[in-house]
Amino acid sequence: VPLPGDATQQLIFPHATSVYAEIREQSPHVIVAATNGPFGLLALYAARRLNVPLIAGFHTLIEDLCKMYWGRVLGGVTRGYMEFQNWLLFKYSACVVVNSKSMIESATNLSRTRVSLMGTPLDSRFLQHPVQSAPDKLESVLYAGRLAPEKNIEGLLECAERFPDIRFSIAGDGPLREEIERHSARLENLSFLGHLPREEIVNVIDSHDMLILPSHLEAFGTIALEAMVRRRLVLVSSHCGILSWETLARGLFQFPDDEHPADAIARIRKLDVRMRQKKAEVAMETALAAHNNAVSGWLDLFAEMHASRD
C-alpha cells in the first residue's frame, strides 16, 4: 500500500502465518522489532507466543514527520496511529533502542520501558573494501538518501547552482525525483544516479570527495557514518542525530540553521588541504571505533535479555 504523500514508500503486510512459522522454527532467544508497522506487530505477537524478550527499535520522529508531510487532519490521524503502535510495542518490550540522544525524550514520553542508546553497526562491505586515501581536493559532492522535503533537497540543488566547478551527484528515490531530474537535465555539473543497489554504494562514495546530508530532519544519518569509514569528508546539518555522538561529531563538518549549505561548502574549500585530510582521517578512525562499540553493545544487550529470560 503506497504511503500518503510519498508513493515511492510502501506499507507491506507480511504473510503472518508463514512468517510466524519460520520464526517459531528458528526458536530465537530474543526478537528485535526494528520498527513499528505490520512486521513490528508480528514480532510482538511472536515474542508473546514464544515467551522470549522483545527489543523495540525507535528511529522516527513522528510528530515532526507528520507536520511536514500531512495536513492537520490526516497528520493527526497518522500520528495517533503510529504512536499507538509504538506504545503497544514499547509496553510489551524489555527494552527500547534508539540511535541518537534526540530520540530518547520521544521514546520516554510514549512509555516507561527502559530506553537504551545504541550505536549503528556498519555493513561489512564498507569495512572489507580497501580504503582510498583522503581527498586532497574538493571537486565532487554526493548526496545519497530519500528524495523528500525533510532532506532539504532544495538547498542541495542551490549548491549545485552556486558551484558549477564542483560535480554534484544525487542518488536515491522519493517524491522529489522529477524535480531533481529536471535540474540534472539543465545543470551540467549535476548527475542523478537514481536508486542504487547497496553493493554499489561503497564505490559511489569512494568516487566522491565529500558526502553531504543537509536534512531538516534526520534521526541519525547512517549514510554519513558509511562515508566516514571510507575516509571521505562529510558535511551534515545541525539536525542530524549523528552529531549527538560526540566522538563521531569530531570527524564531521556541520552547518547551523543560519548558514546555507553552499556557504559551508565554500568554508570547507578554503581550509588548508592538510586540515581537510586530517578531518577525513579522524572520520574514519571514529567511525571504526563506533562500529566496534555498536557490535559489542548489541551483543551485550542480547546476552542480558537472554539471561533475564532464564
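The values are calculated or read from the model by the stated rules, or taken from the named source; none is laboratory data. As the structure is a computational prediction, the values presented were derived from the model and not from experiment. For neighbour counting, all protein chains shown are included, and Cβ atoms are generated from backbone atoms with ideal geometry for every residue, glycine included. Note: accessible area is taken over every heavy atom of the protein model, side chains too, but ligands, DNA and RNA are not part of it. Shrake-Rupley method; radii C 1.70, N 1.55, O 1.52, S 1.80 Å.
Points worth noting:
This table checks each residue for (1) in contact with a Gly (Cβ under 9 Å, 6 or more places away or on another chain); (2) of a type in the set (A, V, I, L, M, F, W, C); (3) over 25 Å from S106 (Cβ atoms).
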site	(1), (2), (3)
I242	yes, yes, no
Q254	no, no, no
R267	no, no, yes
E304	no, no, no
R309	no, no, yes
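- Every pair of residues 6+ apart whose Cβ atoms lie under 6 Å, when the first sits in region 20-37 and is closer than 20 Å to E83 by Cβ while the second is open to solvent by less than 100 Å² (accessible area, probe 1.4 Å) and outside any strand (DSSP E or B): A33/G40; A33/A43; A33/L89; N36/Q85; N36/N86; N36/L89
- Conditions (1) in a loop (DSSP other than H, G, I, E, B); (2) farther than 15 Å from L156 by Cβ; (3) open to solvent by 10 Å² or more (accessible area, probe 1.4 Å): number failed by G251: (3)
- Of all the listed residues (L190, L196), the sole one being in contact with a strand residue (DSSP E or B) (Cβ under 7 Å, 6 or more places away or on another chain), at pLDDT below 95 and not acidic (D, E) is L196.
- Filtered residue count, region 84-136, keeping only those that are part of a helix (DSSP H, G or I) and either touching a residue at least 12 places away in the same chain (Cβ under 8 Å) or not aromatic (F, W, Y) (or both): 21
- Test: residue in region 253-268 that is under 17 Å from the mean Cα position of the chain (by Cα) and closer than 16 Å to H291 by Cβ: no
- Pairs where the first residue, in region 166-187, is open to solvent by less than 40 Å² (accessible area, probe 1.4 Å) and the second is among the basic types (K, R) and part of a loop (DSSP other than H, G, I, E, B), C-beta under 7 Å, 6+ apart: G172/R146; G174/R146
- Residue in region 98-110 that is at pLDDT below 90, in contact with a strand residue (DSSP E or B) (Cβ under 6 Å, 6 or more places away or on another chain), aliphatic (A, V, I, L, M) and open to solvent by 30 Å² or more (accessible area, probe 1.4 Å) present: yes
- Matching option when the condition is open to solvent by less than 80 Å² (accessible area, probe 1.4 Å), of a type outside the set (F, W, Y) and assigned to a helix (DSSP H, G or I), among E161, E150: E150
- Residue in region 252-263 that is modelled with pLDDT under 95 and touching a strand residue (DSSP E or B) at 6+ places or on another chain (Cβ under 6 Å) present: no
- One residue stands out among those in region 197-244 that are in a loop (DSSP other than H, G, I, E, B) and open to solvent by 30 Å² or more (accessible area, probe 1.4 Å): the one that is nearest to T286 (Cα to Cα), which is R231.
- Identity of the residue in region 282-295, open to solvent by less than 60 Å² (accessible area, probe 1.4 Å) and not aliphatic (A, V, I, L, M), that ends up farthest from V97 (Cα to Cα): T286
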